[in-house]
Amino acid sequence: KKVHKAIEVCPHCRKKLTDLEGHIQFAHGHICERCGQRFATEGHWRQHMRDRHGLDGKDAAKDDAKKKIERWVKGKKGKGRGKGRDRDKAAEGGAAALFFWRHG
């Protein structure tokens, strides 16, 4: 009896695969946080960072980490609830609105 596995399509390269998760990790595991391009190896990613963005070695790794943190913080800001979100809205209204928010 032959068992057929589900076929999935890679959203990055459009290949049809049975192990999509493994394929993405192997073939697209390194991502440029500046432009979103994906690379199969760290060497290709480093070469891209040097040629496209002018960053070498440690500078590329530092920039990549910084961009990941910035993206994470940006995502967290949009998901805030309660007092923090109200404080942000008050801050948008200027110093007076922020003062009244703090001192009620």
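The values are calculated or read from the model by the stated rules, or taken from the named source; none is laboratory data. Quick caveat, the model's predicted, so the values are computed rather than measured. Positions of Cβ are backbone-derived with ideal geometry, glycine not excepted, and every protein chain shown enters the neighbour counts. These accessible areas exclude ligands, DNA and RNA; they are computed on the full protein's heavy atoms, side chains included. Shrake-Rupley method; radii C 1.70, N 1.55, O 1.52, S 1.80 Å.
Figures for the structure shown
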| read-out | value |
| --- | --- |
| Where a residue in segment 24-48 is closer than 25 Å to GLU8 by Cβ and its partner, wherever it lies, is open to solvent by 40 Å² or more (accessible area, probe 1.4 Å) and β-branched (Val, Ile, Thr), with Cβ under 6 Å and at least six apart | ARG38/ILE31 |
| Hits in segment 1-38 (condition: over 15 Å from the mean Cα position of the chain (by Cα) and either closer than 18 Å to LYS67 by Cα or of a type in the set (Gly, Ala, Ser) (or both)) | ALA6, GLY22, ALA27 |
| Residue in segment 49-69 that is in a helix (DSSP H, G or I), touching a His at 6+ places or on another chain (Cβ under 7 Å) and open to solvent by less than 90 Å² (accessible area, probe 1.4 Å) present | no |
| All positions within segment 50-64 that are out of contact with any helix residue (DSSP H, G or I) (no Cβ under 9 Å at 6 or more places or on another chain) and in contact (Cβ under 8 Å) with a residue 24 or more places away in the chain | none |
| Enumeration of residues in segment 15-43 that are part of a helix (DSSP H, G or I) and open to solvent by 60 Å² or more (accessible area, probe 1.4 Å) | GLU21, GLN25, PHE26, GLU42 |
